[in-house]
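This report concerns only the one structure given below.
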């Protein structure tokens, strides 16, 4: 049962990260289309936000697998 919970947690973490980064990229492209002169600032903000989202997703996946090892 622990393995099922860990697999579900890791899968949901990866899915949420994919959705979050997709929405982030959509917003960045919309912003760049509206103000092309601000593309460098938008790109920098997007990369920082994407790194934070990936870090949270990685933490969720690692914690899910640690749950299997500890339990």
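Observations on the structure shown:
- Filtered by the rule that a residue be exposed (fewer than 14 other Cβ atoms within 10 Å of the Cβ) and in a helix (DSSP H, G or I), segment 26-38 gives 26, 29, 30, 33, 34, 36, 37, 38.
- Flag for residue 70 being under 30 Å from residue 1 (Cα atoms), free of Cβ contacts under 8 Å to residues at least 12 places away in the same chain, out of contact with any helix residue (DSSP H, G or I) (no Cβ under 6 Å at 6 or more places or on another chain) and surrounded by 12 or more Cβ atoms within 10 Å (Cβ to Cβ): no
- Within segment 1-25, the residues that satisfy the criterion of being farther than 29 Å from residue 70 by Cα and surrounded by 14 or more Cβ atoms within 10 Å (Cβ to Cβ) are 20, 21, 24.
Bear in mind that the values in this text are calculations on the coordinates, not laboratory data. This one's a predicted model, so the numbers in the text were calculated from it and none came from an experiment. Positions of Cβ are backbone-derived with ideal geometry, glycine not excepted, and every protein chain shown enters the neighbour counts.
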